[in-house]
Amino acid sequence: MVRQGFSLMFVGLLVVGGFALWPAPAEAAFPGANGKIAFTSNRIGNDEVYVMNADGSGRTNLTYNAALDIQPAWSPDGTRIAFTTARDGNTEVYVMNADGSGQTNVTNSSSSDAAPAWSPDGSKIAFFTFRDGNGEVYVMNADGSGQVNLTNDLAFDSRPAWSPDGSRIAFRTDRDGDTEVYVMNAADGSGQTNLTNNASFDSGPSWSPDGTRIAFTTDRDGDDEVYVMNADGSGQTNLTTNAALDFGPAWSPDGSRIAFQSYRDGNYEIYVMNADGSGQTDLTNDAGTDESPDWQPLPPCPGFEGDSRHQVMGTMEKDVLAGTSGADVVCGLDGNDVIKGRGGNDLLLGQRGRDTLKGQGGADLLKGGPKPDRLVGGAGEDTCKGGGGKDEVKACER
C-alpha cells in the first residue's frame with residue numbers, strides 16, 4: 001500500500017534498510033492561536049514547503065529550491081520552520097525563518113536525517129536518523145549541536161513528536177514485529193512504552209496542544225484512517241471513517257481542529273476537520289500532491305496571555321475575525337482588521353492596523369490600537385476605548 005504520495009525521488013533517497021520514510025507532518029501541536037498551515041506540495045514539479053492561511057487561501061512557496069524540501073515543522077513561537085531537504089545530496093534537517101529566509105543546515109551529517117520535531121520551549125529538535133545503521137530518534141539543540149541518540153534500539157524508530165509539556169516524546173517503532181506508537185521520556189529516552197498495542201500499522205503520533213490526546217494513523221480498518229486516543233493509549237477512536245487513505249494528523253494550536261492529508265479526491269490533498277471528526281473539508285484543491293500539514297502557533301493576544309477566555313488571533317495580514325457564542329478575546333495584529341464579537345461578553349482588541357471593531361450582542365469591551373480605528377457597539381451595553389489614534393466611535397459608551 002502506498003500510504004503517502006511522495007515523489008519517486010524521495011523514495012529513492014530515503015529507502016534505507018528496507019524502510020521507506022514517508023512524508024510526515026511535524027506531529028506536535030503547541031498551544032496558541034491558529035496561524036498559517038505549512039505543508040509540502042509538488043505543484044510546480046518538485047517538492048517544496050509552502051504556507052497557506054487556515055482557510056486554504058494565500059498559498060506561498062517558501063523554499064524555492066530544485067531539490068526535495070519536505071516535512072515542515074513550526075517552532076513553538078511560530079517564527080521558524082524546521083524541514084527536511086535533499087539539497088546537499090542526502091537528506092538533512094534545515095531551519096528557516098517563517099518567511100523562508102535564512103535556510104540553514106542544522107544536522108550536517110553524511111547519513112539520512114529527517115522528520116524534525118521541536119521541543120515546546122524551542123531549544124531542541126528531535127529527528128530521525130539512519131547514522132547508526134538502523135532508524136533511531138535523536139535529539140539536538142536547535143542550532144544543531146549536542147546530537148544524542150534517545151531510542152538506542154535495533155528496531156526501526158522514527159517519527160518523533162514532543163509532548164506540549166516537554167516531558168515525553170511519542171514515536172513510531174517496529175520493535176514488536178509490527179509498527180506501533182510508543183512514548184518515552186524526553187530527557188534520556190527511558191521508559192519506552194507501547195501505546196497502541198495493535199497488530200496493525202500504527203504511526204504518525206500528533207499530540208493535542210493540551211497534552212491529553214494523541215492523534216495517529218492506523219490501517220486497522222483495512223485502509224489508513226486518522227484515529228485519536230488518550231495520552232495513555234486508551235479510548236482509540238476513528239475520526240475520518242472514509243474508504244480512502246487518510247493520514248498525517250496535525251492539531252490546530254487551539255485544539256479545535258485537525259489537519260490531515262487524504263487521497264479521497266484521487267490525489268493527495270490537505271483536509272481539515274473538527275477535533276471530533278466532523279466537518280471534513282478540502283483546503284488545497286490542487287491537481288498536485290499536497291501533504292504533511294503543520295499548524296503555526298501564534299502567541300496569545302499581547303497583555304492577555306493568562307486570560308482564560310477563548311482567544312481568536314489575527315495574522316500579520318488583513319483579517320476578518322469573529323468570536324464564538326461564548327466569551328472571547330478577539331485580537332488583530334498588523335493588518336487592517338475587521339474584529340467582531342458573537343454573543344458573549346467579548347474583549348475586542350485592535351493592534352497596529354486601522355481596525356474596525358464591532359460588538360455583536362454581549363456586553364463587549366472594544367479597545368482600539370495606536371492607529372485610527374472604527375469602534376461600533378452592538379445590541380449589548382458595550383464600552384469602547386480608543387488606543388491613541390483618532391478613532392470613530394458609534395453606539396458605544398466610552
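The values are calculated or read from the model by the stated rules, or taken from the named source; none is laboratory data. Because the structure is predicted, anything quoted here is derived from the model rather than measured. Heads up, the Cβs are rebuilt from the backbone with ideal geometry, glycines too, and the neighbour counts pull from every protein chain shown. The accessibility values were calculated without ligands, DNA or RNA, using every heavy atom of the protein model including side chains. Shrake-Rupley method; radii C 1.70, N 1.55, O 1.52, S 1.80 Å.
Shape of the stretch 221-264 from the C-alpha gyration tensor: oblate (a/c of 1.5 or more and a/b not above b/c, with a ≥ b ≥ c the square roots of its eigenvalues). Accessible area ranking (1.4 Å probe, heavy atoms, ligands and nucleic acids excluded), largest first, for Asp143, Asp157: Asp143, Asp157. Amide H contacts of Leu321 (H built 1.01 Å from N, in plane; Pro and chain starts excluded): Val338, Ile339, Lys340 sit under 5 Å, all sequence-distant by 5 or more or on other chains. The spacing between the stretch 143-198 and the stretch 216-285, judged by their C-alpha centroids, is 22 Å. The Rg/Rh ratio for the stretch 193-302, using Cα coordinates for both the radius of gyration and the Kirkwood hydrodynamic radius, is 0.97.
Give a quick list of GluC sites (Glu not before Pro) in the stretch 203-301 that DSSP marks as loop, anything other than H, G, I, E or B, with at most 10 other Cβ atoms within 10 Å. Walk me through the numbers before you get to the answer.
Details: sites: Glu225, Glu269, Glu291; in loops: none.
Here no GluC sites (Glu not before Pro) fit, given the DSSP loop and packing criteria.
For the stretch 39-92, the fraction of C-alpha pairs more than 13 angstrom apart is 59%. Beyond 19 Å in Cα-Cα separation lie the following of the pairs Lys358/Lys385; Lys36/Lys367; Lys318/Lys385; Lys36/Lys385; Lys340/Lys367: Lys36/Lys367; Lys318/Lys385; Lys36/Lys385.
Does the stretch 82-185 come out rounded, prolate or oblate by the C-alpha gyration tensor, with a ≥ b ≥ c the root eigenvalues, rounded set by a/c under 1.5 and, if not, prolate when a/b is larger than b/c and oblate if not? Because a/c hits 1.5 or more and a/b fails to exceed b/c, the stretch 82-185 counts as oblate. Our estimate of slack between Thr193 and Asn105, defined as 0.36 nm per intervening residue step minus the Cα-Cα distance, is 28.5 nm. Under the criterion of Cα pairs below 8 Å and six or more residues apart, the relative contact order for the stretch 178-292 equals 15 percent.
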